[in-house]
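Please read through the structure below; I'll follow up with questions.
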Amino acid sequence: MTSLRRLLPILVLSASALAQNQRVADQRVGEAPVDGFDRRGTNSVALAIPGLRPGPTAIDIKDLVLHDFTFEGSPVAASKLHLKQLSEGVYEITSTAYAVGDWEFQVHDGAAGYYGLGEHYNTLNHTHEVIRNLSQDNAYSKGAGTYKPIPFYLSTTGYGLWVDTTAEAVFDMNAADRYEVNVSVPAERLRIVLFTGPEFPKILDRFTALVGRTIVPPYWAFAPWVGRDYHRNDADVREDVDKTRALGLPASVELIDSPWSTGYNSYEFNPKQFSDISGTIKYVHDNGFKLVLWHTPWINNKTKTPGEAGFADKLDIESSNYKEAAAGGYFVKNEDGTPYVGTWWKGEGSIIDFTSPAAKEWWQNQVRKVIKLGADGFKDDDAEGNFIGPVKFADGTDQRLMRNRFAVLYNNAMEELIQKDLKGNGVLFARSATVGNHNIAMLWGGDNEGNFSEEDGLPTIVTAGLGAGLSGMAMWTADLGGYFGGAEPDPVNFMRWTQVAAFSPAMEVLNTRNRGPWSYGDEALKNYRKYAVLHMSLFPYRYAAAQQANKTGMPLMRALVLNYQDDKQARETRDEYLFGDDFLVAPVLHEGTQRPVYLPAGDWVNYWTGAQATGGKTLVADAPMDVLPLYVRAGAVIAKIPEDVMTLVPSEESDNKTVKTLDDRRIYELIQPFTGSATKTMEDFEGRTLTRDAASLKIKGRAAKVTVRWKFGRVRSVTVNGSPVKLLTDSAGPYVELSHRDQSTIEWK
């Protein structure tokens, strides 16, 4: 026994040396070793995860292990995998097969939760689910489907994983094995990127730094949008404008959906529908609106009889530009070289092959026809890769890899025009997307029902928006009131949907019944006005959040798990969210007037009443029909603009002389009480630095006419730069006004 004890250190040392030698032997020629990231045995790769948090199952995880790699069913040795560190906390695994085939690998993990994987309507936590990385238009019940698949997930174990693909990858998240994530993907070159955290915001930051972050759209895109499923004529468009302005409803965008052209995607306004389109576009612009147009990548050769009333004889059966595109070879092709013809919801047609530079240029020139007439933005619809059967693309891409890539190419071709022709002063509003489109300014959630259904109604769009945010898609919204309208207006649902939309990146009204905010009764209209005005007044707050998204990938609508991943209650919550840094939104997603609200850690203030609450607990919130349960962090500074601003389109960009637009007035709302001893610093959307503590606010930066308001505060006296100023008060509480130059200090007692 004594001699064995003497030999044991030698045996351990020899085993350690052998393992080290094995790692060196496995290291591929030309690869620099990466500390904490290496091959383990013959079929595994291990990555050390700082702050690793193993899941609740009885599983021994000390680091992250990816194992059992196969290609077309045959094992792939770990020695055939390239390992590389791309940047701090970002690691890459690659291997090339030189032909497209099915790869598969497993990740040894049994996490408390897996989040991301795109916009999904049924849940946020995908544990024990099988998720297909597939863009699909599912009308009505969505299930686990999505328009926006993202092959990236965050694990509560403390890492993120992205499979670099636009193909139909499949993610089995502990469904078949409680201890394994199984991923399969068709590819020629397998590329996996791992991101350490362990905090979700850090992982999301690293992921979006690699794949791209949202473009911050122009100011006017942040004002409410007005639209219809279809406009019959010029008068309908003008009616949208006139009613919006007459009723005192803020808005900056008029959206013309389908149809509007002579034939689908001819890019020629239909004179049978619009007799004075130039005059109508001028009218839209003169009233402080921008114009956004719907389109798709299809060009029709056989349009079905329109279902819209009065349109039966107004549309060309074959679009006027179809033959030109076919003759130029601009369409996706069959194997015999003829244009692929498919069926979509407007008839039959062919789709542009955006892998062809010539086809892309031709298509962009078609779009330019309406840009020259005054279009300011575009709604990219129907890009779910609806090509069926064997087809060919100009660049030779395998069809399996084009399933989701098609939307990326389509959207990016459109974004190029916005950046080049509109000089960035335009907006792209897209339905389908995947990695490669994180640069898009705004995304919308497809076709949902205007009800409280758990299958496709209001509750599902909150879940989908939060899932999109967890996947790096920061600017997501949905048709306010639902795209599919019921036979009769539902004012209760419309009111609750309005409240959710007010705390999303954009409020966009559009539905199959062509109902406007004025179509649901006086109470619903009053509710809409209240929240549309609040949405508009919070423009500086929302724009600053968009700037943050552009810098860090943090979405505007944030699932609680994003900031509180170690909080079990936060992980399970999918019907409330943070909006930017300081608001907590708990919408009512049913017909009742109460709901439980979970407040995560921190000090919170009811935004309507001033009632204070400490986080880490659940309370019951009363929510009369016009009240959205809304909370704000104690001590926050909320940047706003005056409530009389009705458009964010600058006067110099139109002939608008009467509609109040953005000027140099700025409001800073100080949420009382101020908790804690440390000062709080923020930067507003124009770069001003604001630093506050319990009794002072310092503003540094661009000049403005400033109002400082103490929400729920009791203030006796105020000084500005050491001099006493008059303290004013109204129904919202005490405030002061000042002309801020470069630096101002406001102190109070």
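With runs of 4+ DSSP H residues as the only contributors, calculate the mean residue ellipticity of the chain at 222 nm using -39,500 (n - 2.57) per run, divided by the residue total and rounded to the nearest 500.
Rounded to the nearest 500, it is -7000 deg cm²/dmol.
A follow-up question, please. In terms of Cα to Cα distance under 17 Å, which aspartates and glutamates are near enough to Lys617, apart from those fewer than 8 places away along the same chain?
List returned: Asp566, Asp567, Glu572, Asp575, Glu576, Asp603.
Distance from the Cα centre of segment 65-83 to that of segment 375-438, in angstrom?
Taking the Cα centre of each part, segment 65-83 and segment 375-438 sit 33 Å apart.
Okay, moving on. With the cut-off at 44 Å, report for the chain the share of all Cα pairs above it, as a whole percent.
Numbers: 82446 of 280126 pairs.
That tail contains 29 percent of the Cα-Cα pairs.
Among 633-641, 673-681, 519-527, how do they line up from the highest to the lowest mean number of other beta-carbon atoms within 10 Å? Kindly include the intermediate steps, with their values, before the conclusion.
Details: 633-641: 21.0, 673-681: 12.8, 519-527: 16.8.
Top of the packing list down: 633-641, 519-527, 673-681.
Could you name the aspartates and glutamates whose alpha carbon sits less than 14 Å from that of Lys700, not counting residues in the same chain fewer than 8 places away?
Once the sequence-local aspartates and glutamates are set aside, what remains near Lys700 is Glu683, Asp684, Glu686, Asp742.
Take each of the peptides 283-291, 306-314, average the number of other beta-carbon atoms within 10 Å over its residues, and list them starting from the highest.
Packing order, densest peptide first, comes out as 283-291, 306-314.
Still on this model: So which of Lys243/Lys526; Lys530/Lys551; Lys680/Lys726 end up more than 24 Å apart, counting from Cα to Cα? Numbers along the way, then the final one.
Numbers: Lys243/Lys526 14 Å; Lys530/Lys551 31 Å; Lys680/Lys726 26 Å.
Flagged as over cut-off: Lys530/Lys551; Lys680/Lys726.
Pairs of Cα atoms under 8 Å, at least six residues apart: use those to get the relative contact order of segment 679-749, whole percent. Kindly include the intermediate steps, with their values, before the conclusion.
Values: 139 pairs, mean separation 24.5, N = 71.
RCO, segment 679-749: 34 percent.
Could you give each residue of segment 718-731 its phi-based ³J(HN,Hα) in whole Hz, using Karplus coefficients 6.51, -1.76, 1.60 with θ = phi - 60°, and x for Gly or Pro?
Along segment 718-731, the couplings run 9, 10, 10, 6, x, 9, x, 10, 6, 8, 9, 8, 8, 5 Hz.
Just add up the charged neighbours of Met475: K/R +1, D/E -1, any other residue whose Cβ is under 13 Å from the Cβ of Met475.
+2
Which whole-number percent gives the relative contact order of segment 212-260, counting Cα pairs below 8 Å spaced six or more residues apart?
Working: 50 pairs, mean separation 25.3, N = 49.
Result for segment 212-260 is 52 percent.
Taking the inverse of the average 1/r across all pairs of different Cα atoms in segment 326-430, what Kirkwood radius in Å do you get?
14.4 Å
Next question. Give the accessible surface of the chain per residue, rounded to a whole number of Å², with probe radius 1.4 Å and ligands, DNA and RNA excluded.
Ligands and nucleic acids excluded, the result is 38 Å² per residue.
Beyond 22 Å, what percent of the Cα pairs of segment 263-409 remain?
Summing the P(r) tail past 22 Å for segment 263-409 gives 43 percent.
Treating the beta-carbon of each Lys and Arg as +1 and of each Asp and Glu as -1, no other charges, what is the dipole magnitude of the chain about its Cα centre, to the nearest 20 debye?
Value, rounded to 20: 2280 debye.
Shape call for segment 559-706 from the C-alpha gyration tensor, a ≥ b ≥ c root eigenvalues: rounded (a/c under 1.5), prolate (a/b greater than b/c) or oblate?
Cα axes put segment 559-706 in the oblate bin.
Please report the equivalent ellipsoid semi-axes of segment 589-674, computed as sqrt(5 x eigenvalue) of the Cα gyration tensor, largest first, in whole Å.
Values: eigenvalues 236, 66, 17 Å².
Ellipsoid semi-axes (Å, largest first): 34, 18, 9.
Over every pair of different alpha-carbon atoms in segment 340-400, take the mean of 1/r and invert it; report that Kirkwood radius in Å.
For segment 340-400, inverting the mean 1/r across all distinct Cα pairs yields 13.5 Å.
How much of the DSSP bridge set in the chain is antiparallel, in percent, rounded to the nearest 5?
80 percent
I would also like to ask the following. How much space per residue, in cubic angstrom, does the convex hull of the C-alpha atoms of segment 141-275 take up?
Details: hull volume 29.4 nm³, N = 135.
Once divided by residue count, the hull of segment 141-275 is 217 Å³.
Sorted by mean Cβ packing within 10 Å, highest first, what order do the peptides 198-204, 564-570 take?
Working: 198-204: 21.0, 564-570: 17.7.
With the highest mean Cβ count within 10 Å placed first, the list reads 198-204, 564-570.
Please report the equivalent ellipsoid semi-axes of segment 441-572, computed as sqrt(5 x eigenvalue) of the Cα gyration tensor, largest first, in whole Å.
26, 17, 13
The values are calculated or read from the model by the stated rules, or taken from the named source; none is laboratory data. The shown structure was predicted, so the numbers you read here are calculated from the model rather than taken from an experiment. A quick note on method: Cβ atoms are made from the backbone with ideal geometry, for glycine too, and the neighbour counts reach across all protein chains shown. Note: areas computed on protein heavy atoms with side chains; ligands, DNA, RNA excluded. Shrake-Rupley method; radii C 1.70, N 1.55, O 1.52, S 1.80 Å.
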